Structure formats: C-alpha cells, structure tokens
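The values are calculated or read from the model by the stated rules, or taken from the named source; none is laboratory data. Here the structure is a predicted model, which is why all the values come from computation and not from measurement. All Cβ positions, glycine included, derive from the backbone under ideal geometry; neighbour counts span all protein chains shown. Remember, those area values only see protein heavy atoms, side chains included, never the ligands or the DNA or RNA. Shrake-Rupley method; radii C 1.70, N 1.55, O 1.52, S 1.80 Å.
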Amino acid sequence: MLIGKRRGWEIAERLATPEALMLGRRAALGGALAGGAALAAAPAQAQWNLFGSNAASNAPPVVLKPLTAPRLDRYPAGRAISAEADATSYNNYYEFGLSKSVAGAARALPINPWSIEFTGMVEKPRTIGFDDLMKQVTLEERVYRHRCVETWAMTVPWTGFPLSKLVEIAKPTASAKYMVFTTLADPKTMPGLGQRFYPWPYTEGVTMAEAANELAFITVGMYGKTLPPQNGAPLRLTLPWKYGFKSAKSIVKVSFTDKRPVSFWEALQDSEYGFWANVNPTVPHPRWSQATETLLGNDDRVPTQIWNGYGEWVAGMYTGLTKERLFV
Ligand code: MTE
C-alpha cells in the first residue's frame, strides 16, 4: 500500500477514512487475495483505484491565469493566510483518489469547455457555459477559514461571487426549498470513480435560506489565480461555516427541489455525515473529537470555533431547528 510520510497536521488515514470505506477496501483486498493473483494481475489503473497514489497524470501542467478582484474585508479571517503551496497540494478530491496528493492526477480534469446545467424547479431548464456565466457576475476576493471534518484547517483568499447571484441567474421557482450541486463524474479522467461503493457523482445541497446567506460563495479562483484542478476548477462551492465536505468541487449541475437531498457522504455513512454539517467543537465526530484543529503547515492544535467563527452571519438561520442534527 502506498502511503507517504504523514505531515504533522495530517489526521491518520485510519481515522479520516469512513468505516464503510475501510470495509470496502478490506472486502476488495480480501476478494483479490482469495482469488489468488487477482490483485497482482489487475491493471495498474485498478490497483491505483484500490490504494490511491501520488502518480501524476500524463496531462500537461496546468497554467493558472491571473484572476484579481477587490478584496472584501467584511469577514475578517482573524488568522494568517495559509501558504499557497500547502492549500494547493493537500487536498480532498476523491474522484482522483484517496490520497491527499491528487494535484498531479487532477491535471487531467477536462475544464475546457465547461458548462453548468440548471434543472429541477427552475423557470426554464437550461445549460450555461462557464465563460457566459463569468460575464454575468462581478468577482471579489474573500479570505475565509476552511475547516475539514478531518480536523485540518486552512485560511484561503478565494475569488468568486455570492451564491445568491447564481440563484438569481438560475431562476428557481417559488416552490424550491433546496439547491443541489452535482459535480463532474468522468470515468475517463477520474480513476477514483472505480471505487464503486462510493455513491458517485459527488453531490451536496443547501437550503434556499443557506444559498441566500451572504457568506455562501461560488469560488472560481484562489491566491489571485484561476482555481487549480485539485481545488475544484473551474467552479466550486465555498461554505465557510460548514465542514469542508459541503464545498462541492467542479460543479456541473445545479438543481432545485422541494425534497431534502441526500448528499455523497450522507449516502455513504449517515451515522457520521449529515445534511447540515455545521462546525461545532462540542459535537464530536463519532470517531474523533472536533474540539481542536490543525492549520496546514503547522503542527500546533488550536481551538475550533462554533460555526467556524461565522456565527454572527449564520447562527440565526438555525434557531428553532431543535430536532435537526445541525452539527453532523
Ligand atoms: N468535491 C468533490 N467533487 N470531491 C471531493 O472529494 N472533497 C470535499 C470538498 N469537495 C470533495 C469535494 C472535502 S472532504 C473537502 S475538505 C474539500 O473539498 C477540500 O477542498 P480543498 O482540497 O480545496 O482543500
């Protein structure tokens, strides 16, 4: 099994990996071993799928374009911006493998051309090209804290536009209660899709109130450049008060519905991952504490803040929802 040396801030893989995944891996491995040399005989791609790797794709290096926009200081991050090299080399993008080092593999992400489908409860279903979308929005830069459910965290200058603007462009009908994001699932370029026990494609959803919240952001760049593939090019969601898995990468479809969607992680393991996934240091993950976090590039643990420190803007959306698992 290919496992690199863990950097100080990294959570042990056995902790971060959902139980189902471990079972799936064991089953796959057991089956392969039971079948004699089946694993050894499997094509390189299949072995990569089982274990993940740092292997670079054959795609040429990605050239990021400058993308400058005025910085909005309304939401102070209160801590130093993470090193760009860390934020762009330590990633979760399961479509490209289970390793955190997927930047090489993600170079194969086919981002040109790119389009986004608006569907479900919308006035008129349609598909819009990414370049057309860009012409309809005004970009700004926001420095947000990002907190992964695995307890690592970073602070990133994201470039993008409010999610509410995407809602305005998509034109949902009045009966829509949820906004659902589906991300690219391309078997030709994404070896992780070979992990069949995952409920591909990766989807995430928010309520219409959350979609309208001023913090909710569609990101198209970071560190003053277009978004690197491994961080979710060409466009991703950024919801800084929620665990990072809600921030779906490489969005291809936006749909509106009146039924609460079951997202990727919830479908995989609903005892551990739910719909709301708001950050809360006092509600542990079933297998680890959420009380503290480690900033990328630094081994020290620092206290986690409720709503990841964004309560002033978001806590009001959840009053009265006493029966909901708001922090799972
Ligand atoms: N989106 C897709 N399509 N696939 C993924 O595996 N991982 C999520 C989220 N969005 C993921 C995804 C998780 S678990 C986290 S923490 C963040 O992306 C990580 O974003 P980053 O790699 O830019 O730090």
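For this structure, a couple of remarks:
- Only a single item in (1) near the ligand (Cβ under 9 Å from one of its atoms); (2) more than 17 Å from A185 (Cβ to Cβ) is not met by S89, and it is number (1).
- Selection status of M179, under 16 Å from I251 (Cβ atoms), open to solvent by 30 Å² or more (accessible area, probe 1.4 Å) and at pLDDT 95 or above: no
- So E168, is it over 16 Å from A248 (Cβ atoms), acidic (D, E) and out of contact with any helix residue (DSSP H, G or I) (no Cβ under 7 Å at 6 or more places or on another chain): yes
- Verdict on R147 being of a type in the set (K, R) and touching a helix residue (DSSP H, G or I) at 6+ places or on another chain (Cβ under 9 Å): yes
- Among the residues making up the stretch 243-273, those that are open to solvent by 20 Å² or more (accessible area, probe 1.4 Å), more than 10 Å from the ligand (Cβ to nearest atom) and charged (D, E, K, R) are K253, D258, K259, R260, E266, D270.
- Output for the stretch 80-100, where each listed residue is among the small types (G, A, S) and in contact with a helix residue (DSSP H, G or I) (Cβ under 9 Å, 6 or more places away or on another chain): A87, S89, G97, S99
- Residue within the stretch 302-314 that is surrounded by fewer than 22 Cβ atoms within 10 Å (Cβ to Cβ), among the polar types (S, T, N, Q) and within 15 Å of R147 (Cα to Cα) present: yes
- Verdict on A83 being small (G, A, S), open to solvent by 30 Å² or more (accessible area, probe 1.4 Å) and within 14 Å of the ligand (Cβ to nearest atom): yes
- Subset of the stretch 156-168 (residues that are open to solvent by less than 10 Å² (accessible area, probe 1.4 Å) and over 25 Å from I81 (Cβ atoms)): L166
- Test: residue in the stretch 282-296 that is open to solvent by 10 Å² or more (accessible area, probe 1.4 Å), farther than 30 Å from A185 by Cβ and within 16 Å of the ligand (Cβ to nearest atom): yes
- Of all the criteria given as (1) in a loop (DSSP other than H, G, I, E, B); (2) within 14 Å of the ligand (Cβ to nearest atom); (3) crowded, with 16+ Cβ neighbours inside 10 Å, the one not satisfied by P199 is (3).
- Flag for P240 being at pLDDT 95 or above, within 15 Å of the ligand (Cβ to nearest atom) and within 18 Å of L166 (Cβ to Cβ): yes
- Of the residues E214, E204, E210, the single one that is away from the ligand (no atom under 12 Å from the Cβ), acidic (D, E) and surrounded by 20 or more Cβ atoms within 10 Å (Cβ to Cβ) is E210.
A quick yes/no check of all residues on (1) assigned to a loop (DSSP other than H, G, I, E, B); (2) modelled with pLDDT of 95 or more; (3) among the acidic types (D, E):
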| residue | (1), (2), (3) |
| --- | --- |
| N58 | yes, no, no |
| L64 | yes, yes, no |
| A69 | yes, yes, no |
| Y75 | yes, yes, no |
| R79 | yes, yes, no |
| A85 | no, yes, no |
| Y90 | yes, yes, no |
| K100 | yes, yes, no |
